[in-house]
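The values are calculated or read from the model by the stated rules, or taken from the named source; none is laboratory data. From a predicted model like this one, the values you see are computed outputs, not experimental measurements. We place every Cβ from the backbone using ideal geometry, glycine too, and count neighbours over all the protein chains shown.
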Amino acid sequence: MAARGHVQDPNDRRLRPIYDYLDNGNNKMAIQQADKLLKKHKDLHCAKVLKAIGLQRTGKQDEAFSLAQEVTTLEPTDDNSLQALTILYREMHRRKYSLNGSPSASSRAGHQAVRSGGEEGPAQRGVPLSPLHGLCPRGRAISAKDEKLAQTMFLPLAERMVEKMVKEEKIEAEAEVQLYFMILERLGKCEEALDVIRGPLGEKLTSELQSRERKCMMLYTRLERWPECNALAQKLLLKNPDDWQFYPSYFDSLFHLMDQSWSPPEDGEHCSEGSVHHTVAEVVRFVEERIKVEDEKDSRSLRGPYLARLELMHRLRERGYPEENLPGEPLNLMVQFFRKFGDKPCCITDLKIYLHLLSPDQHVQFINRLSEVVPLGEQGEDGFAFPEDTKALQRHLCVCQLSRALGLHHSLDVSGKLHLIAELKAHYHHGLKFGNSALKTELQFSDMYCLMAAHVYIDLWTETGDEDMVWQCLGLLEEGLSHSSSNAQFKLLLLLLYCRLGSFEPVVDLYSSLDAKHIQHDTIGVLLTRYAESLGQFSAASQSCNFSLRFFHSNQKDTSEYIIQAYKYGAFEKIPEFIALRNRLNQSLHFAQVRTERMLLDLYLEADIVLSLEESVKAMSLSSEEDDVPWDTLRDNRDLTVFTNWDPKQRQLTDEHRTRSLEEETAWLRIRSLTLRLLASLTPSGHAASQQNSEMSNENGVGDRSSLHRSLLSQLNQTLHAAAQIAEKRTQYPLLGPPSTRLASALSVGSCHCQAAALQLSVHLQELESAGLEILNKSKGDLLEVKESKLKTQPSLLENLVFFLETVSIVLWSASYCAKILRPLKTSLQKKKKKKKDANTAMPLVVCGFQELTGNLQDLLTQAVEHIRGQESGITALKLASLTLEGCSREEASFTKAAMDKVQSSYLRSLQEVGDLLKKRAETIKNLKI
Amino acid sequence: MWKPEQLKPLISDCSCGSGGLVTFSHMSSFAVNLLPAVITMTPRPTCDFSMRSHSALAQQGADMALERLQCSLIPAGGATGGSDWCSSSSSSSVDGSGSRRKMTSLRPFTCDDLFKFNNINLDPLTETYGIPFYLQYLAHWPEYFIVAEAPGGELMGYIMGKAEGSVAREEWHGHVTALSVAPEFRRLGLAAKLMEMLEEISERKGGFFVDLFVRVSNQVAVNMYKRLGYSVYRTVIEYYSASNGEPDEDAYDMRKALSRDTEKKSIIPLPHPVRPEDIE
């Protein structure tokens, strides 16, 4: 309360009681007080907003909203109103989410916790949003998830607030400028944003290097101000010719200028950023000049300008410009690049993106030209010549890598490949001498030869099916690892090959030696989880799922905390980024997979009889109603490029592969998730949620359950259908790309369909049970009763009873047919059990289901028989004689009574017959025992 | 094992007036938020480090301690840097002048980079921290977290650092928390370039020096830092905890004076080694 000490404004004094009422939760009084105040001071906007808050909090959202709109159109600029509006919008926003069915904070921790993450921003956590004087809309503006709301409410509001600060010259801190820029940018006000960045406020952006320049460039591009874009890029490249990010801007702006036939003004500066290069010739000259500077330098040259020349050529060719060869001949340029930078490990990475500039008939020539500049020693007995230092080794290695990237390895025949392997291995072993003294944590210089030889082995294995190749490959990699124990690529490839061979045990140690943790569980964790369970290593599977789950579950808590910190420290640019990170993790495909697989695994491992299925489902808070997978927004966070790979482009992973892989993973996940939910629906506790939720449950819980089960089944069948189509495509991914899912084999072995059929059976059982009950219920009631001294009949009840009898008979015949099938199954199972002396009396689901069915039938029949017995005694006890039949003569009455007696007697007889039959049927149920 | 820096002294005599900020960071009740008084503009710090107030460093200390529990391995500071110079014979390629630059895009590290940095972080000397650790640096010192990206989109390396220390005691400085370069992008001088950038940012912030910790055994890294102008300020006994029963390892606290420290007082070596708990 001390904070209020210096309140001076008379309006503040007037508003104070309203604040107090609101603070104390006395919303009604707040509204009244606001009304009172508004009578005297019509223009006190803040009072209106405070009233709207009161209305909002008393559930009058519509009134609150229209009042808020009214105030918003008046564009208030006073702090009180703005602040109050902020709070109002925030509360409206929050409510909107809760209405939209945003996850309740239900206590299903673990499996569910993560789902609440999407919307809950710091605002909702009762933490002040902005470190800058508590101005909330600005924080909300940049974190608002609802773009429309942000564009129409929060951002304009925030903009006005900051504009006010600017006018009053109150903006002093860098973060405030940063925020102002972000607001303008998100509102699409690029011109204004540019003015801020280029103006005096922009000078405050000093923390981050090149922050102003980068922002200017981004805005010029968005505004399509190509002359400025071009001139600025030039300036920046002059300053640092190695800064790659500005080359694309420089080249692209040239093309736009050419498209527009731009020409410089006759006098004066080309544009506000200086002179513009608007012809290919000028740009080529600029790049050549940068190269000349590098060539003439005493110190080592920068690679930027040399690569820029290739990039320019690539872009010219892409656009079909006739000047494409103005920078030179690609082959010569690349040889020149290799001469200068061939001894750098990244030379292959640099050149491989420009190899397409060579025509196929130049490939061999290119490699020959490169080989000429690789200094090798004398040829040995085996015909191989080796490099004499690490630089020469690196050059030689680079030529090998480029050959492979050009497809020259792949076009070799089997003996050619074997010879290549021998050569690579020889180079590998020779090169080990350069790393004699290497520490455990260091790589060997020649490791990449070893890896490449392994790749050629894999080529042979996949092409010829010769398993000997993969054994030799494994041996080579194990040898490599023994010389270079921290080489992650060796480990990754070994891990992959072991999995492909179906052996998971070695994988555990390999993976753990990679020391992958935290976010790496999401990006490469799939290497473990894909294979552990499917290869029957259940405890490893559980463990690897747990590692991943622990990471994902902590994400929620972790990220929220730092969103608040980013507010606090004014790192506003990071806020949307953190929110995006949280979403990306929450929506991770891998997260959904491990969540589902862990639960399935738990069921497979723990729950083998009905009772413990139920217990497990309960323990996992598993609910068949809830689908916790964000199907539409699943994010594929796998790092599919983690394997080093020098394959030619046509053998590399394509976007098509990625799409297919995600599609396949999603289909398989859907099958698994539906299976899990179907299993949950087999148990009563799997429906706990619907029983708690009054909206969803109805009196007939069983009906609800079976309709849900049925809908899940139909979803499963649809998914299986779609999955079969996916499997038919037989997408082959590169071996170093994503592994296929278990989908295709699950379909071909028939397990999917068998599981679906088993789950279908339970639907039928439930159907029988509930339908039977329904018929009986419809047969209940008094066939004959005396009401207010009048005799009433309900003959339809009798008819219903007969329907019931007929149905029961048919059900029983079908049941006995089932029993005949199931009995031998059960006996054989029991024999096996006895042999194994297994005390556990686990039975397949179907047997248990059948036993449940017969039990229920028994109950049903007993109920029916009792009902009939009750009717019989009730009808017998009716004293028809005592009925007074008004308005009848005595004689007439005696006829009527005789008729009544006949009906009564007939009913009794019918009941007796139906009852007898039912009793007989009930006795036969014993025979259904299996 | 990473050890948390001692942050206490910073809080007590942080000279950057943290003004209203501190107050706000502790106001959590909605009622307070509603008060008109809150809206009144409060004076803001105007020194170089304005928005990155140190007022919340106490909390940060706690966070870091938590982080420490999570990190099973290796380095803060220079230890990671060492991995950039992994091979003993590669040292010849390090001239330490920082003049050789990498053809590359140097840009702020973003959260999405976490999904792409495996080629850098699968290195045995590079620690993969929990998300909170990265987010903390991104939230407090985003300008100190820089990543280098190759034209093909591969991440080449990154540096992660922070600004800390008391200005009054002339201990305000830049600190290198992690520096790592992917194997295939080594021997290009990229680490030197990243160090140069961190030094420039620290200059702009008016720091007196830049410091880092490095394993005593990591001679390659130590030599590299020496070439970049760093010298050993003190030895920190058993700074790196070993996980597998091996003895804990000492660290060098290496420093390089910035222009604000005209007399280079900050780098005068301490005569005696210190213990981790004595580090400020």
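Which one of these does residue A:570 not meet: (1) within 24 Å of residue A:180 (Cβ to Cβ); (2) surrounded by fewer than 24 Cβ atoms within 10 Å (Cβ to Cβ); (3) of a type in the set (Gly, Ala, Ser); (4) modelled with pLDDT under 90?
(2)
Could you pull out the residue among A:449, A:457, A:428 that is in contact with a helix residue (DSSP H, G or I) (Cβ under 8 Å, 6 or more places away or on another chain), within 15 Å of residue A:500 (Cα to Cα), at pLDDT 95 or above and of a type outside the set (A, V, I, L, M, F, W, C)?
Testing whether each residue is in contact with a helix residue (DSSP H, G or I) (Cβ under 8 Å, 6 or more places away or on another chain), within 15 Å of residue A:500 (Cα to Cα), at pLDDT 95 or above and of a type outside the set (A, V, I, L, M, F, W, C) leaves just A:457.
For residue B:204, are the conditions met, namely being of a type in the set (Lys, Arg), away from chain A (no Cβ under 11 Å) and touching a residue at least 24 places away in the same chain (Cβ under 8 Å)?
Here the answer is no, as residue B:204 does not meet what is asked.
Are any of the residues in the range A:255-267 under 19 Å from residue A:310 (Cβ atoms), in contact (Cβ under 8 Å) with a residue 12 or more places away in the chain and not in a helix (DSSP H, G or I)?
There is no residue in the range A:255-267 that is under 19 Å from residue A:310 (Cβ atoms), in contact (Cβ under 8 Å) with a residue 12 or more places away in the chain and not in a helix (DSSP H, G or I).
Out of the residues in the range A:739-761 that are outside any helix (DSSP H, G or I) and in contact (Cβ under 8 Å) with a residue 40 or more places away in the chain, state the one that is nearest to residue A:490 (Cα to Cα).
Restricting to residues being outside any helix (DSSP H, G or I) and in contact (Cβ under 8 Å) with a residue 40 or more places away in the chain, the top hit is A:739.
Considering (1) touching a Lys or Arg at 6+ places or on another chain (Cβ under 9 Å); (2) surrounded by fewer than 17 Cβ atoms within 10 Å (Cβ to Cβ); (3) part of a helix (DSSP H, G or I); (4) without any contact (Cβ under 8 Å) to a residue 60 or more places away in the chain, say which one residue A:429 fails and leave the rest.
(1)
Of the residues B:82, B:96, which is at pLDDT below 95, more than 7 Å from every other protein chain (Cβ to nearest Cβ), part of a loop (DSSP other than H, G, I, E, B) and within 27 Å of residue B:253 (Cβ to Cβ)?
Selected residue: B:96, the only one of B:82, B:96 that is at pLDDT below 95, more than 7 Å from every other protein chain (Cβ to nearest Cβ), part of a loop (DSSP other than H, G, I, E, B) and within 27 Å of residue B:253 (Cβ to Cβ).
Kindly indicate whether any position in the range A:301-311 is buried (at least 20 other Cβ atoms within 10 Å of the Cβ), in contact with a strand residue (DSSP E or B) (Cβ under 8 Å, 6 or more places away or on another chain) and under 26 Å from residue B:193 (Cβ atoms).
Scanning the range A:301-311 turns up at least one residue that is buried (at least 20 other Cβ atoms within 10 Å of the Cβ), in contact with a strand residue (DSSP E or B) (Cβ under 8 Å, 6 or more places away or on another chain) and under 26 Å from residue B:193 (Cβ atoms).
Filter the range A:464-487 down to residues that are acidic (Asp, Glu) and in contact (Cβ under 8 Å) with a residue 12 or more places away in the chain, then give me how many there are.
The total comes to 2.
If we keep just the residues of the range A:204-249 that are in contact with a strand residue (DSSP E or B) (Cβ under 9 Å, 6 or more places away or on another chain) and small (Gly, Ala, Ser), which is modelled with the highest pLDDT?
A:231
Any idea how many residues of the range A:461-475 are of a type in the set (A, V, I, L, M) and crowded, with 22+ Cβ neighbours inside 10 Å?
Summing the residues that are of a type in the set (A, V, I, L, M) and crowded, with 22+ Cβ neighbours inside 10 Å in the range A:461-475 gives 1.
When you scan the range B:221-235, do you find a residue that is surrounded by 22 or more Cβ atoms within 10 Å (Cβ to Cβ) and outside any helix (DSSP H, G or I), even just one?
The answer is yes; a qualifying residue exists.
Return the residues of the range A:550-569 that are in a helix (DSSP H, G or I) and in contact (Cβ under 8 Å) with a residue 60 or more places away in the chain; say none if nothing qualifies.
Scanning the range A:550-569 gives A:552, A:553, A:555, A:556, A:559, A:560, A:563, A:564, A:567, A:568.
Please state which of the following conditions residue B:181 fails to meet, knowing it meets all the rest: (1) under 12 Å from the mean Cα position of the chain (by Cα); (2) farther than 17 Å from residue B:111 by Cα; (3) among the β-branched types (Val, Ile, Thr); (4) within 13 Å of chain A (Cβ to nearest Cβ).
(1)
Can you tell me which residue within the range A:630-647, out of those that are more than 11 Å from chain B (Cβ to nearest Cβ) and part of a loop (DSSP other than H, G, I, E, B), is farthest from residue A:398 (Cα to Cα)?
In this case the residue turns out to be A:630.
Any idea which of A:736, A:678, A:712 is at pLDDT 90 or above and assigned to a helix (DSSP H, G or I)?
Of the residues listed, the single one that is at pLDDT 90 or above and assigned to a helix (DSSP H, G or I) is A:712.
On the given criteria, is residue A:294 within 14 Å of chain B (Cβ to nearest Cβ) and surrounded by fewer than 20 Cβ atoms within 10 Å (Cβ to Cβ)?
Taking the combined requirement at face value, the residue satisfies it.
I'm trying to understand the selection: among the residues of the range A:17-43, which are assigned to a loop (DSSP other than H, G, I, E, B) and either acidic (Asp, Glu) or closer than 16 Å to residue A:81 by Cα (or both)?
A:41, A:42, A:43
Being more than 18 Å from residue A:337 (Cα to Cα) and either more than 51 Å from the chain's Cα centre (by Cα) or not in a loop (DSSP other than H, G, I, E, B) (or both) is the filter here; which residues of the range A:390-407 pass it?
Passing the criteria: A:390, A:404.
Read through the list (1) free of Cβ contacts under 8 Å to residues at least 24 places away in the same chain; (2) at positive phi, then give the number of the only condition that residue A:274 fails.
With respect to (1) free of Cβ contacts under 8 Å to residues at least 24 places away in the same chain; (2) at positive phi, residue A:274 is out only on (1).
Considering each residue of the range A:334-389, count those that are within 14 Å of chain B (Cβ to nearest Cβ), assigned to a helix (DSSP H, G or I) and more than 27 Å from residue A:320 (Cα to Cα), and give that number.
Looking only at that region, the number is 3.
Take residues that are modelled with pLDDT of 90 or more and more than 8 Å from every other protein chain (Cβ to nearest Cβ) and tell me which of the strands (runs of 3 or more DSSP E) falling wholly in the range B:105-171 contain 3 or more.
So the answer is B:145-149, B:155-164.
May I ask you to say which residue of A:316, A:331 is surrounded by fewer than 19 Cβ atoms within 10 Å (Cβ to Cβ), away from chain B (no Cβ under 14 Å), among the aliphatic types (A, V, I, L, M) and at negative phi?
Just one listed residue meets the conditions, A:331.
So which residues in the range A:762-798 are crowded, with 16+ Cβ neighbours inside 10 Å, among the hydrophobic types (A, V, I, L, M, F, W, C) and part of a helix (DSSP H, G or I), if there are any at all?
Listed by number, the residues that qualify are A:763, A:765, A:768, A:773, A:775, A:776, A:797, A:798.
Six or more apart or on different chains, Cβ atoms under 6 Å: show the pairs whose first residue is in the range A:613-636 and over 12 Å from residue A:682 (Cα atoms) and surrounded by 17 or more Cβ atoms within 10 Å (Cβ to Cβ) and whose second is hydroxyl-bearing (Ser, Thr, Tyr) and at pLDDT 85 or above.
Between residues of the range A:613-636 that are over 12 Å from residue A:682 (Cα atoms) and surrounded by 17 or more Cβ atoms within 10 Å (Cβ to Cβ) and residues that are hydroxyl-bearing (Ser, Thr, Tyr) and at pLDDT 85 or above, the close pairs are A:629/A:673; A:635/A:588.
Restricting attention to the range A:588-603, does a residue exist that is within 12 Å of chain B (Cβ to nearest Cβ) and more than 21 Å from residue A:528 (Cβ to Cβ)?
Checked the range A:588-603: no residue is within 12 Å of chain B (Cβ to nearest Cβ) and more than 21 Å from residue A:528 (Cβ to Cβ).
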